[in-house]
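Okay, structure first, notes after.
The values are calculated or read from the model by the stated rules, or taken from the named source; none is laboratory data. A quick note: this is a predicted structure, and the numbers were derived from the prediction, not measured. As a convention, Cβ positions derive from the backbone with ideal geometry for all residues, glycine included, and neighbour counts pool all protein chains shown. We work out accessible area using only protein heavy atoms, side chains counted, and drop any ligands, DNA or RNA first. Shrake-Rupley method; radii C 1.70, N 1.55, O 1.52, S 1.80 Å.
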Amino acid sequence: EVQLVESGGGLVQPGGSLRLSCAASGFTFSSYWMHWVRQAPGKGLVWVSRIKSDGSSTTYADSVKGRFTIARDNAKNTLSLQMISLRVEDTAVYYCARDVGGDSDSWGRGTLVTVSS
Amino acid sequence: QSVLTQPPSASGTPGQRVTISCSGSSSNIGSRYVHWYQQLPGTAPKLLMYRNNQRPSGVPDRFSGSKSGTSASLAISGLRSEDEADYYCAAWDDSLSGVVFGGGTKLTVL
């Protein structure tokens, strides 16, 4: 069974940093593009970033470029999102997702990040 | 505002057929596949349709998707109470080099 389990969310002050992790199991992690998608409370889905299966290529939404860094460790089946210079508008549930829009699309349950003073 | 445009709400009675539209541009829907997600209250999004009209295994054939030009639509026939959820369209955008989503449509089963 495919499992994606996010962790690392919490309360952080504006300007602070946080590192999210996503533990993957039940599939060959190193074969898939992986994504982060976020959803502010009561709002819609917003794509954040993606990383190629071997980690050689990354893409970011303009709203997080230069502040967020996506990475993966295929030996440990782990995806991460390093977030710095956090803003109030970064408050959201962050979902880890496999192969967004593909026939192997699968999402975790998400982890909540709250940016507030 | 979202790159893809969806109506904020839709509704129908049990057994009816409802359609949710999604409008984009040449850099996304016009040149790329459209995907649809269903998000039940308090849960993660679930893929409902990929590559315009392909259903993942387990998705009932009551759900169907179509695309024409820079617009797409999701149709749900034989509406059931358990279909009450938020529905999102998505596509890759060549200009933004990223995935774009619609703002979501809240479906109410009356």
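Considering only the stretch B:44-76, state which residues are under 22 Å from residue B:14 (Cβ atoms) and free of Cβ contacts under 8 Å to residues at least 40 places away in the same chain.
Applying the first criterion (under 22 Å from residue B:14 (Cβ atoms)) to the stretch B:44-76 yields B:46, B:48-49, B:55, B:58-65, B:73-76.
Of everything in the stretch B:44-76, those that are under 22 Å from residue B:14 (Cβ atoms) and free of Cβ contacts under 8 Å to residues at least 40 places away in the same chain turn out to be B:46, B:48, B:49, B:55, B:58, B:59, B:60, B:61, B:62, B:63, B:64, B:65.
Might you check whether a residue that is within 13 Å of another protein chain (Cβ to nearest Cβ), within 24 Å of residue A:61 (Cα to Cα), surrounded by 20 or more Cβ atoms within 10 Å (Cβ to Cβ) and not small (Gly, Ala, Ser) occurs anywhere in the stretch B:49-72?
Yes, the stretch B:49-72 has at least one match.
Taking the stretch A:35-69 only, how many residues are away from every other protein chain (no Cβ under 12 Å) and surrounded by 18 or more Cβ atoms within 10 Å (Cβ to Cβ)?
Summing the residues that are away from every other protein chain (no Cβ under 12 Å) and surrounded by 18 or more Cβ atoms within 10 Å (Cβ to Cβ) in the stretch A:35-69 gives 2.
Select from the stretch A:98-117 the residues that are in a strand (DSSP E or B) and surrounded by 21 or more Cβ atoms within 10 Å (Cβ to Cβ) and write down the one among them that is nearest to the other protein chains (Cβ to nearest Cβ).
Of all residues in the stretch A:98-117, those in a strand (DSSP E or B) come to A:98, A:106-107, A:111-115.
Checking which are surrounded by 21 or more Cβ atoms within 10 Å (Cβ to Cβ) leaves us with A:98, A:106-107, A:111, A:113.
Numbers: A:98: 10, A:106: 8, A:107: 4, A:111: 11, A:113: 15 Å.
Among residues in the stretch A:98-117 that are in a strand (DSSP E or B) and surrounded by 21 or more Cβ atoms within 10 Å (Cβ to Cβ), the one nearest to the other protein chains (Cβ to nearest Cβ) is A:107.
Residue-wise test of (1) more than 9 Å from chain A (Cβ to nearest Cβ); (2) basic (Lys, Arg); (3) open to solvent by 10 Å² or more (accessible area, probe 1.4 Å).
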position: B:7; (1), (2), (3): yes, no, yes
position: B:10; (1), (2), (3): yes, no, yes
position: B:22; (1), (2), (3): yes, no, no
position: B:91; (1), (2), (3): no, no, no
position: B:108; (1), (2), (3): yes, no, yes
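Inside the stretch B:77-87, can you point out the residues that are open to solvent by less than 10 Å² (accessible area, probe 1.4 Å) and not small (Gly, Ala, Ser)? Before the answer, list the steps.
Kept after step one, since they are open to solvent by less than 10 Å² (accessible area, probe 1.4 Å), are these residues of the stretch B:77-87: B:79, B:83, B:85, B:87.
Selection gives B:79, B:83, B:87.
Can you name the number of the only condition in (1) under 17 Å from residue B:90 (Cβ atoms); (2) free of Cβ contacts under 8 Å to residues at least 60 places away in the same chain; (3) not β-branched (Val, Ile, Thr) that residue A:31 fails?
(1)
Any residue in the stretch A:45-58 that is touching a residue at least 24 places away in the same chain (Cβ under 8 Å) sitting within a Cβ distance under 6 Å of a residue that is assigned to a loop (DSSP other than H, G, I, E, B) and open to solvent by 40 Å² or more (accessible area, probe 1.4 Å)? List the pairs, counting only those 6 or more apart or interchain.
Listed pairs, sorted by first residue: A:50/A:33.
Could you please let me know if residue B:17 is within 11 Å of residue B:90 (Cα to Cα) and open to solvent by 60 Å² or more (accessible area, probe 1.4 Å)? Write out each step before concluding.
On the way: within 11 Å of residue B:90 (Cα to Cα): no; open to solvent by 60 Å² or more (accessible area, probe 1.4 Å): yes.
Against the criterion (within 11 Å of residue B:90 (Cα to Cα) and open to solvent by 60 Å² or more (accessible area, probe 1.4 Å)), residue B:17 does not qualify.
Between A:85, A:21, which is more than 9 Å from chain B (Cβ to nearest Cβ), hydroxyl-bearing (Ser, Thr, Tyr), more than 27 Å from residue B:32 (Cα to Cα) and open to solvent by 50 Å² or more (accessible area, probe 1.4 Å)?
A:85
Check the stretch A:105-112 and report whether any residue there is without any contact (Cβ under 8 Å) to a residue 60 or more places away in the chain and polar (S, T, N, Q). Working first, answer last.
As a first pass, look at the stretch A:105-112 and keep what is without any contact (Cβ under 8 Å) to a residue 60 or more places away in the chain: A:105.
Those still in the list that are polar (S, T, N, Q) too: none.
No.
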